[in-house]
Amino acid sequence: MLLSKRFVLQCLSAVGLGERRCLCCGEPSKVQHFFLKGVAFDLALCDLCRSLLPCFHDFFEYELNGSDWCLTEKNIKPEKYDAKKNCASCFLPFFNNEHAMFSDGEEYKCLYCITKNTCWRDIYCYGEYTKTLRNLLLSAKFSNNLSALHLVGLLLAEAVLIKHQHKFGDKKFDWDFITAVPLHPKRLQKRGFNQSLELAKQLGKLFKLPVEQKALKRIVFTTPQAGLSQKQRRLNLVGSIQAGTLTSKKFINNFQGLTVLLVDDIFTTGTTLEHSAKALLEAGVKAVDIAVVAKTSMLSVKP
């Protein structure tokens, strides 16, 4: 198998050999750090790719306080936050004038928040599925670029921390464990890893929370969701995801009354996350929060 020059240079850069290269475009880059939970991490992106990260929480006013990102007293930058562009409940942005469709008369809310038709309690998301973020996720998912996967995991952790602090201040997370949207064993064997589980492991390590790898399981080998309409996506996953087992002794394989953070890489229509969250709730879980790296427009998928 022939390896591209760009791929070789990125690998050498990742292990500290050769010229330092951007994880996204492969161009030379300088060291850039950002801080999470008091630990400095290498951003591993060039200035251009960093500037193209489509971050959803950039309307929050936050600054480096010591070695942690902290919200200032302003909380929201008025010049960045637009009530007609961001959901008043979950803060995720609208696409293609969605706000005009989903206004409740007083506030502009997204489809999920205004209908209260979701089975999850809250959602955390880093940014829109475009530009640098899209390239990083595709590289991680289909090119086995674990360095890119590690980076988007850090970005997701940043988004979780900033939104959580905005809503709850210094209050600790109430999640009992973290888990991920599962892959069917056949697809896992073909790909070699579950990108959502790797993200969950990273959050668990950073937040010092247990990760239950077998809390959910795929029991039906389904067609990939990409390319399907919204209706086809819903039908495709019916009966395909079930609650699995909890391996930690503290839970005694009992889901009753627990609160869970469910992790996935990309949110499109929310169908996979909905089926996964429902499986957990049916097993006895009290509440499920969602953490995803990127969100696409639901209106970009055929009904």
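The values are calculated or read from the model by the stated rules, or taken from the named source; none is laboratory data. What you see is a predicted model, and the numbers here were worked out from it, not measured in a lab. Here Cβ is always computed from backbone atoms with ideal geometry, including for glycine, and neighbour counts include all displayed protein chains.
Quick look at the values:
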quantity: Filter result for Arg134 (surrounded by 14 or more Cβ atoms within 10 Å (Cβ to Cβ) and charged (D, E, K, R)); calculated: yes
quantity: Residue among Thr179, Thr130 that alone is under 30 Å from Gly26 (Cβ atoms), in the same structural domain as Gly239 (by TED's automatic domain parsing) and not hydrophobic (A, V, I, L, M, F, W, C); calculated: Thr130
quantity: Listing of helices (runs of 4 or more DSSP H) fully contained in the stretch 110-216 that carry 3 or more residues being of a type in the set (D, E, K, R) and more than 14 Å from the chain's Cα centre (by Cα); calculated: 185-191
quantity: Verdict on Thr223 being among the hydroxyl-bearing types (Ser, Thr, Tyr), surrounded by fewer than 17 Cβ atoms within 10 Å (Cβ to Cβ) and modelled with pLDDT of 90 or more; calculated: no
quantity: The stretch 273-284, subset in contact (Cβ under 8 Å) with a residue 40 or more places away in the chain and farther than 19 Å from Lys201 by Cβ, residue surrounded by the most Cβ atoms within 10 Å (Cβ to Cβ); calculated: Ala277
